[in-house]
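Mind having a look at this structure? Questions to follow.
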Amino acid sequence: MIETVPARAPVSGPVPGSGPDARRRFHLVVVVAGVGFGLTAPFTALLVVGLGGPPSWAAFVVSSIGLSLLLVDFLGTRFVPRVSSRTALTVSLLVFGVGCLLSAATTSWEVVGLARVLQGFGTALFMGGGIALAVRLVGERVRGSAIGTFNAFWFLGVATGPLGGGLIAAVVPGPDGLRLLFGVCAAVNLAGAVAAWFLAPCWVSAVRPRLGLPAGLGVRGRRMWSVLVLTGLGQAVRSGLALTLVPLLGAQLGMGWVALGLALFAMSVTDVGAMHFGGRFGDRHGRLLPLAAALAWGTVAVLALATVVRGPVAFAFGALATGVTVGTTWVVPAAMTVDLAEDPDIALAAYRIACDIGMLAGGLLAGVGIAVGGVHTALAATAVCLFGGLLLTLTVRETLPRRPHLSVVKEETVPLPAPEEFAVFAANSDITLTPQRLAQAYATHTHYRADLERLRRLPLPFTEPVSEPATALAWITRGGTA
């Protein structure tokens, strides 16, 4: 049985009671979740190595989160976006916290891999439900900013992870310090689940959630497929570079937990800034320029990490520069997907699937690169992939729809016609009017002409859908005042 949903069903409607206060509460929950998700993110690969796992398998463990992400996003395209927003955020934090607790209690790196897969289910539920809610809390013209701001607030919390995680792990030497870090992370996620339940805006879909294979994702044309490839590349950069190769390079350079945490914190700061400002810049000036610039910048920065970085200071600057590419390649392809899609909700489903495939591919390729030639070889291969993404971006071209030029919508004031001209207008329109009716029509037109001109000059909030009759009635009710 095929389930059909109207093109503009309540699924994609605004959240009841949405407004600045609802967005502030939602963003607060997102920040807390970011702290819970980010405390251990850059230290997972290091825990695997600390518990006796090979460095190449550390990359595989980091990317294994993509397995559960892909499963949820592939089978849940009609489930996750329809679950109550409050329930989705709360359950996601609880599941992720349980995965952290398993990693804290084990001395086997294989169990860390299984826990990482479990964490993926929580992450998928949070990202799918969170992005859908972020888009519903704003108007149609600022979706790019909404996605960018959502990710920026999330990674504002994630940015505390490297520094906070390094300080916590330094309390106890060796792998036990990392296990302590995972235990603290579990507690933070429990607190985040409580915050989500009481603070997150509650949106309930009018359509019943349903598990099943994705149908009608609307992926048509070379440009759309190319954008999804760029989406996957952005996730591969985060999984293979930011969460695997950069931390392993720092450990290989002999950096302690605190120094490494500071360097990764620097990368997170530029990561968050690129997400927030990259989304806004893309809404105002187009997607092509920020994405192409970030990919070109990342090619140079990662190549420098692979060839010339040999000390902690240079490593910190390299990580700082890399964050620009990591953040931009996360948010801009998402906005490009929405630009080219027929239905934004369906586009987000295709976007999430592309993200999961990219996350898996990034970790797998990083692991293969490490196994073949070490961390430096894997970094050089990553720089080549970024350059390929730059070339692909140039073939996609700009995706942001052009706004109408002011000259196109400029209105000209028409002088009030004389009675004789009014009669000519009526005759040319095949309207027969007696002299009495003509005089009455002209008097009515003259009486309301000033009000109509004032109504035309009244600034209206065109950033949201506006019902003209309701707006006019509201204007008349207020006595014809703005």
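The values are calculated or read from the model by the stated rules, or taken from the named source; none is laboratory data. Treat the numbers as computed from the prediction; the structure is a model and nothing was measured. Reconstructed Cβ throughout: ideal geometry from the backbone, glycine too, with neighbour counts over all protein chains shown. The protein model used for the area step is the full one, side chains on, heavy atoms only, and it has no ligands, DNA or RNA in it. Shrake-Rupley method; radii C 1.70, N 1.55, O 1.52, S 1.80 Å.
Using only C-alpha positions, report the orientation-averaged shadow area of the convex hull of the range 22-68, nm², one decimal.
Average projection, Cα convex hull of the range 22-68: 4.0 nm².
Then there's this: Report the per residue volume, in Å³, of the convex hull enclosing the C-alpha atoms of the range 146-291.
Each residue corresponds to 183 Å³ of Cα convex hull volume.
Using 1/(1 + (r/R0)^6) with R0 = 30 angstrom and r between the beta carbons of Leu391 and Arg284, what's the FRET efficiency to the nearest 0.05?
Calculated value: 0.75.
Size of the range 44-97 along its principal axes in angstrom, Cα-based, largest extent first?
41, 22, 8
Taking the Cα centre of the range 200-330 as origin and charging only Cβ (+1 Lys, Arg; -1 Asp, Glu), how large is the dipole, in debye to the nearest 20?
560 debye
Okay, moving on. So what is the diffusion coefficient of the range 220-374 in µm² per second by Stokes-Einstein at 20 °C and 1.002 mPa s, using a Kirkwood Rh over Cα pairs?
Reported coefficient: 134 µm²/s.
Of the listed peptides 313-323, 443-453, 41-51, 389-399, what is their order by residue-averaged count of other C-beta atoms within 10 Å, with the highest listed first?
41-51, 313-323, 389-399, 443-453
Follow-up. Tally Lys and Arg at +1 and Asp and Glu at -1 over the other residues with C-beta under 14 Å from the C-beta of Phe60: what net charge comes out?
Within the 14 Å Cβ shell, the charges total 0.
Looking at the range 231-312, which trypsin sites (Lys or Arg not before Pro) are in a loop (DSSP not H, G, I, E or B) and have at most 14 other Cβ atoms within 10 Å?
Arg310
In terms of the Cα gyration tensor, with a ≥ b ≥ c the square roots of its eigenvalues, is the range 217-257 rounded because a/c is under 1.5, prolate because a/b exceeds b/c, or oblate?
Prolate, since a/c reaches 1.5 and a/b exceeds b/c.
Carbon and sulfur: what percent of the range 24-66's accessible surface (1.4 Å probe)?
Of all accessible area on the range 24-66, carbon and sulfur atoms account for 73 percent.
Once you have the Kirkwood Rh of the range 19-118 from its Cα pairs, apply Stokes-Einstein at 37 °C and 0.692 mPa s and quote D in µm²/s.
Rounded to a whole number, D works out at 220 µm²/s.
What does the charge count near Cys100 come to, summing +1 for each Lys or Arg and -1 for each Asp or Glu among other residues with Cβ under 13 Å from its Cβ?
+2
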